[in-house]
Structures are given as C-alpha cells and as structure tokens.
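Engineer: Just passing along the structure, written as structure tokens.
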Amino acid sequence: MPDTPPIFDGHNDALLALRREDETVSDFLAGRDTGDLDLPRAREGGLAAGFFALFVPSGPEFSASDDANRTETDDGYRIERPPPLAGPYARSVVGEMLDAVDELATDDRVRVCRDVDDVRACISGDELGVVVHFEGAEAIRPDCSNFGDYYDRGLRSLGLAWSRPTAFADGVPFRYPSSPDVGGGLTDAGRRLVRRCNDRGVLVDCAHLTAAGFWDVHEVSSAPTVVSHSGAHEVCPLSRNLTDEQLDAVADTGGLVGLTFGASALRPDGGRDPDAPLSVAVEHVDYLVDRMGIDHVALGSDFDGATTLAPLGDATALPDLLRALREAGYSERDIEKIAHGNWLRVLSATW
Ligand SMILES: [Zn+2]
C-alpha cells in the first residue's frame, strides 16, 4: 500500500478503453497490457473508488485525437465539434457498458457504489468502488422517461453533454487558446434533466459544458456545482478549462473541481506532448487552491480517456502526485481532502 491516502478519482474511461482495445472485464480484473487503469494498478496506486464513464464514441468517422478534425492556428488549434448522436445508438452502447458494470460487480473485489456508505467502505477497505457516470446524456430520452431505469442500474453522475451537442446542452469544442464561452447553454429539456437529477440525488457534472451551460446548471441546480475533470484557464487557456469566475462559483456552492491529468489541458502551451514534469500538474493545484480554497480541489484523472502527463502515465502514479504536493508544502490534512475528503463531502451533499 502506498504511504499516501486512498484516492477517489473523478473520471476515468477504462470501460471505453476495454471496448476500444477489444479487451474484457476479465482483462480489467487480471491486469491489462495496455491503457492506464485496471484492478491491479488501481490497488498499487491506492485508487479506492471513482467515476467510471459510460461514454459513447462518435463512431469511426470522428475522433477528437484524429488530426483530420484538427486545424492548427497561428497560436494553437481548433477541433471541430462532432455531430449529435442518434439516441438508439447511444442507448445500445450504454446498455453494453452497463452490462460490463454488472459483470464487474460479480467480482467480490469490486463494489458498484450506489450511496456514500459504499464509497466509504471502499476508502476504508479493499474493494475498488465503481460509480456509474454518463459522460454525455445522449442515452437519456429528452422526456427523461428512461432516467429511472438508468438510476436503478447504478447511474449516480451525469454530464449533460460531452464536446458535442445533445438534446439537453451544447458541449464546448476543444480550442486553444479560447474562452469556454463557445456555443449555447441548456435547452428546456436540459433544465428539466438537471431538476430530475437533483430530485433523485444524481450528481450533475459540468465538465465539457460551454460557459453558458455551466452558468445555466449553476443557476438551476440545487446541488454543489461540480466539474469532474478540468483545469485552471489562467494556467492553460484551453476552452475546456475553468475561468476564475467559474472557479469562484464552484467554491460558492460548496462544490469542487477534479484536476484532469490530460497533458493538453495542463500544459500552459496547450501542447499534446505528455513529456512534461509533474510540476505542471502541481501548478494547477496551487492555482485552484489559491482561488477556491483547499476544500474545493480534488482529482479527476481522465485515465484511459486522455493522453495524460507522462509522470502520471497510469494509476500506479497516483501516489507520486500526492507526494509532490507534500513536497510542495501541503499538509497531510490538505492531501487527504484532495485525495478523497472533498469528493466524499460533495457526494454526501448531492446523493
Ligand atoms: Zn472528458
């Protein structure tokens, strides 16, 4: 076991990676040859629980990492927003990914977390906690008629849009440098879905929303404002990172920001090359803590979803970040808050 506190992580795409790499749930449990996260590496890195994203890819014709969709500009780049997904396609992919979650749940080393007690049990015990998160709400019908079914299957966290439009909200395109104020806010259906989430105790995640969408959620939602995986716009002016005004709003509601480990969201120059020192991530933590206070900063790695900074290359590197914070002067109490304490508080207030 690492000498650092257990970690709750706000975002990973391991379930997507299994599909992409043609791997199975058994591979995840036994250890994979590829990717960033599996059960053995979670244990080695002290990862106790986290949001496991159910993300529906835009299909072979679109990939955010595909250079065909990327335009280099004088001082950065733009990536085109893919078109909306068809609901039936999204529901079929999400259904398959929920089947994978059910399969994970049959292993006694894994616990699908449906309440805060489940998360606490994972933090104090040996099981790996899986929280079902939808990254983009395309599988949910605009009238919310299937929301309850997904809740029953474990849904506890929901992003209204990934970086593409849905019936509920507009996603922010990947642009550097760029303000997050690109595109529209929530639709009427989006406002209804936020209220529905509040009623059932499902967390609404503002990651990937435009500035307009973020402010709409902030206004409509009665729960703490949460951004599961992002960074500080003042440090790296990516469209997906958060401005000071957004950070202040998150702190005002008692919410949090989970720091992404994605290289292109952390590096001040917006570059994709993951070869950069750990201090690049520490700089974001410093900025977020200075602006919001220690109670509002947490982790949201984006393992298996983004090219992470090389020193945070997979789940076994999680303790290295906490040790770097220790060396930078953070107290053990501060580190525990960043590792899991702040997530626990927000989940308790939300669920
Ligand atoms: Zn994401």
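The values are calculated or read from the model by the stated rules, or taken from the named source; none is laboratory data. Here the structure is a predicted model, which is why all the values come from computation and not from measurement. Every residue, glycine as well, gets a Cβ built from its backbone with ideal geometry; the counts of neighbours run over all protein chains shown. With ligands, DNA and RNA removed, areas are computed over all heavy atoms of the protein, side chains included. Shrake-Rupley method; radii C 1.70, N 1.55, O 1.52, S 1.80 Å.
Engineer: Assign one of three labels to region 107-162, namely rounded, prolate or oblate, based on the Cα gyration tensor with a ≥ b ≥ c the square roots of its eigenvalues; rounded applies when a/c is under 1.5, prolate when it is not and a/b is larger than b/c, and oblate otherwise. Write out the running numbers ahead of the final one.
Structural biologist: Numbers: a/c = 2.98, a/b = 2.41, b/c = 1.24.
Prolate.
Engineer: Next up: Scan region 238-296 for trypsin sites (Lys or Arg not before Pro) in coil per DSSP, keeping those whose Cβ has at most 15 other Cβ atoms within 10 Å, and list them by number. Intermediate results must be reported in sequence, preceding the final value.
Structural biologist: Working: sites: Arg240, Arg272, Arg291; in loops: Arg240, Arg272.
For trypsin sites (Lys or Arg not before Pro) across region 238-296 that sit outside H, G, I, E and B with at most 15 neighbouring Cβ atoms in 10 Å, the list reads Arg272.
Engineer: Here is a further query. Taking the Cα centre as origin and putting +1 on Lys and Arg beta-carbons and -1 on Asp and Glu beta-carbons, what dipole magnitude results for region 7-350, to the nearest 20 debye?
Structural biologist: Details: 32 positive and 60 negative charges, 166 e Å.
For this selection, approximately 800 debye.
Engineer: Can you work out the accessible area per residue across the chain, with the rest of the protein chains kept in place, probe 1.4 Å, in square angstrom?
Structural biologist: Numbers: 12900 Å² over 351 residues.
With all protein chains present, the chain gives 37 Å² per residue.
Engineer: Also, I was wondering about something else. Taking a ≥ b ≥ c as the square roots of the Cα gyration tensor eigenvalues, with a/c under 1.5 meaning rounded and otherwise prolate when a/b beats b/c, else oblate, which class fits region 186-263?
Structural biologist: Numbers: a/c = 1.94, a/b = 1.76, b/c = 1.10.
Because a/c hits 1.5 or more and a/b exceeds b/c, region 186-263 counts as prolate.
Engineer: Now for a separate question. When you have a sec, figure out the Kirkwood radius of region 1-112 from all distinct Cα pair distances and drop it here in Å to one decimal?
Structural biologist: On the way: mean 1/r = 0.0620 Å⁻¹.
So the Kirkwood estimate lands at 16.1 Å.
Engineer: How much of the DSSP beta bridge set in the chain is antiparallel, as a percent to the nearest 5? It would help to have the intermediate numbers written out before the result.
Structural biologist: Values: 7 of 37 bridges.
The antiparallel proportion sits near 20 percent.
Engineer: Along the charge dipole of region 7-350, which of Ile79, Gly95, Ser279 sits closest to the positive end, that is, farthest toward it, with unit charges on the beta carbon of Lys, Arg, Asp and Glu (+1, +1, -1, -1)?
Structural biologist: Selected residue: Gly95.
Engineer: Using only the Cα atoms of region 7-350, build the gyration tensor, take square roots of its eigenvalues as a ≥ b ≥ c, and label the shape rounded, prolate or oblate: rounded if a/c is under 1.5, else prolate if a/b is larger than b/c, else oblate. Please report the intermediate quantities before stating the final value.
Structural biologist: On the way: a/c = 1.17, a/b = 1.01, b/c = 1.16.
Rounded, since a/c falls under 1.5.
Engineer: Would you grab the residues whose amide H sits under 5 Å from the one on Ser228? Only those 5+ places off in sequence or on another chain, please, with H modelled 1.01 Å from N.
Structural biologist: Hits under the 5 Å cutoff: Cys206, Ala207, Gly258.
Engineer: Given a 10 angstrom Cα cut-off, can you work out which residue in Leu321, Leu203, Leu128 is the most mobile in a GNM of the chain?
Structural biologist: Between Leu321, Leu203, Leu128, it is Leu321 that shows the largest mean-square fluctuation.
Engineer: Hey, how many Å between the Cα centroid of region 198-222 and the Cα centroid of region 25-45?
Structural biologist: Centre-to-centre distance over Cα atoms comes out at 32 Å.
Engineer: Set Lys and Arg Cβ to +1 and Asp and Glu Cβ to -1, take the dipole of region 1-151 about its Cα centre, and tell me which of Asn146, Phe52, Leu15 lies farthest positive.
Structural biologist: Asn146
Engineer: Kindly provide the helix-only [θ] at 222 nm of the chain, computed as the sum of -39,500 (n - 2.57) over DSSP H runs of four or more divided by all residues, to the nearest 500 deg cm²/dmol?
Structural biologist: Details: 14 runs with 128 residues, N = 351.
One gets -10500 deg cm²/dmol as the mean residue ellipticity at 222 nm.
Engineer: Would you work out what percent of the accessible area of the chain, with all protein chains in place, is carbon or sulfur (probe 1.4 Å)? Can you show the working numbers first?
Structural biologist: Working: 5820 of 12900 Å².
For the chain, the apolar C and S fraction of the accessible surface comes to 45 percent.
Engineer: For region 315-321, in order, what is each residue's ³J(HN,Hα) by Karplus, 6.51 cos²θ - 1.76 cosθ + 1.60 with θ = phi - 60°, in whole Hz (x at glycine and Pro)?
Structural biologist: Karplus values, whole Hz, x for Gly and Pro: 4, 5, 8, 3, x, 5, 5.
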